[in-house]
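The values are calculated or read from the model by the stated rules, or taken from the named source; none is laboratory data. Just so it is clear, the structure is predicted and the values come from calculations on it, not from any experiment. Positions of Cβ are backbone-derived with ideal geometry, glycine not excepted, and every protein chain shown enters the neighbour counts. To get the accessible areas, we keep the full protein, side chains included, count just its heavy atoms, and leave off ligands, DNA and RNA. Shrake-Rupley method; radii C 1.70, N 1.55, O 1.52, S 1.80 Å.
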Amino acid sequence: MAGLVAAARARELGAEPLVLEKGDRAGGSMLLSSGVVWRYRSLETFRAECPGGDPALQREIVERLDEAIDWLESLGAPVVEQETGNPRTVGKRFAPPGLTEALVRAAGKVDLGRGLVPGIEPGPNEPWPVSDAGHGFEGPLILATGGFPVRLAREHGLLLRANRWSEGDGLDLARTRGAGVSSDLDEFYGRAMPALETVAEQDFVRLTQLYGRYATVTSYDRSERFEGEPSWSETDLVQQIARWPEALAWYTVEQGDLEERVRERTVGEMIDEARKAGARVEEADGTISVLVRASVTQTLGGLRIDERARVAGVEDLYAAGADVGGISTGGYSSGLAAALVFGRIAAEDALSRA
């Protein structure tokens with residue numbers, strides 16, 4: 001999302017940006033999401049929910065998101081719900097395909113199947129090599145490569161609940177230039193998913209098992225148990241499951257809790273989706289147990305930036321979206337909101353310096 005946002009804003013300001021998209025389609029993981037763009041109602045709440053995050057970056061999101069959402073609507077992005085349904089947050093739900101189409105239309109030129117050149121380091125006065133053909137890039141560069149969920153999933157045996165090409169190219173390129181990184185590189189946002197070999201992109205939202213608050217959660221061999229109540233987002237719960245062997249856990253629910261609602265679905269409906277997908281579901285003594293595996297949607301750690309989206313330690317380099325760390329440290333906040341706010345900021349600051 002962040003790259004398209006930056007390009008759309010830059011084009012609106014009179015520039016002719018070029019988006020080099022590594023994947024075979026635009027939209028990255030935004031296209032696979034539920035489309036909710038949200039923020040906490042106040043900076044104080046943001047600080048409480050994500051205590052390790054940079055308060056200056058958090059403030060930018062709180063103060064700028066509402067205007068940025070209005071801007072998305074002005075581009076023709078379709079809103080399907082005017083509220084988030086969460087009393088802690090404010091925002092809107094967009095239809096991901098329509099949101100992607102609106103941003104692509106506004107961004108202009110998007111080259112698919114292109115990207116940063118791995119292993120090539122320009123000299124101090126040389127342009128950035130940014131395509132697989134080795135072409136140089138004149139002017140400021142905005143990194144928005146989606147973080148490194150693919151790498152994290154592979155290294156830790158997690159299911160991938162993100163696009164297939166966000167390997168950390170932006171992070172790696174910036175670090176070769178001496179860029180600073182945040183302290184939360186081991187943190188990620190993800191969901192508990194049915195313990196299948198893979199989950200198809202179109203099933204990411206449908207198969208999510210988001211009822212940990214109603215479940216007894218134990219490791220696969222049931223030797224360990226998640227103690228206490230998970231956070232409202234259940235990000236802490238998923239990160240704990242990821243640390244257990246094979247990133248597996250049992251969600252055991254009492255029959256009486258099957259009608260409890262989480263957002264628009266009941267616990268029972270989510271379990272039924274897991275069962276239909278072929279997941280291991282066991283019933284005994286008035287309980288239902290579902291075998292789940294931790295998945296990664298977005299890495300929370302990444303490059304350190306300032307309030308103008310400038311990467312720490314590297315001149316004329318910007319970052320936005322999941323390539324940025326230090327916003328949600330210790331908790332969880334909307335990745336789409338951060339992509340939207342800092343994508344716009346990056347374009348505005350880069351053009352002001354051109």
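Miscellaneous remarks
- Residue satisfying all of: in region 72-103; surrounded by 17 or more Cβ atoms within 10 Å (Cβ to Cβ) and part of a helix (DSSP H, G or I); nearest to the chain's Cα centre (by Cα) among these: Pro96
- Checking each residue in region 326-354 for being among the hydroxyl-bearing types (Ser, Thr, Tyr) and within 12 Å of the chain's Cα centre (by Cα) picks out Ser328, Tyr332, Ser333, Ser334.
- Scanning region 48-58 for residues that are touching a Phe, Trp or Tyr at 6+ places or on another chain (Cβ under 9 Å) and farther than 16 Å from Leu303 by Cα, we see that the one that is surrounded by the fewest Cβ atoms within 10 Å (Cβ to Cβ) is Ala48.
The rows are residues; the columns are (1) touching a helix residue (DSSP H, G or I) at 6+ places or on another chain (Cβ under 7 Å); (2) among the aromatic types (Phe, Trp, Tyr); (3) on the phi < 0 side of the Ramachandran plot.
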position: Ala249; (1), (2), (3): yes, no, yes
position: Thr252; (1), (2), (3): no, no, yes
position: Leu258; (1), (2), (3): yes, no, yes
position: Arg275; (1), (2), (3): no, no, yes
position: Gly278; (1), (2), (3): no, no, no
position: Glu283; (1), (2), (3): no, no, yes
position: Ser289; (1), (2), (3): no, no, yes
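- Residues in region 183-210 that are among the small types (Gly, Ala, Ser) and either without any contact (Cβ under 8 Å) to a residue 12 or more places away in the chain or touching an Asp or Glu at 6+ places or on another chain (Cβ under 8 Å) (or both) were compared, and the one that is surrounded by the most Cβ atoms within 10 Å (Cβ to Cβ) is Ala192.
- Taking region 274-329 as the range and being in a helix (DSSP H, G or I) and open to solvent by less than 40 Å² (accessible area, probe 1.4 Å) as the test, the residues that pass are Ala274, Gly321, Ala322, Asp323.
- The residues of region 160-215 that are closer than 16 Å to Gly302 by Cα and not in a loop (DSSP other than H, G, I, E, B), listed by number, are Asp169, Gly170, Leu171, Asp172, Leu173, Ala174, Arg175, Thr176, Val181, Phe188, Tyr189.
- Top-ranked residue in region 137-167 [being farther than 24 Å from Ala192 by Cβ and open to solvent by less than 20 Å² (accessible area, probe 1.4 Å); ranked as nearest to the chain's Cα centre (by Cα)]: Leu143
- Some residue of region 236-257 being in contact with a Gly (Cβ under 8 Å, 6 or more places away or on another chain), modelled with pLDDT of 95 or more, open to solvent by less than 30 Å² (accessible area, probe 1.4 Å) and not in a helix (DSSP H, G or I): yes
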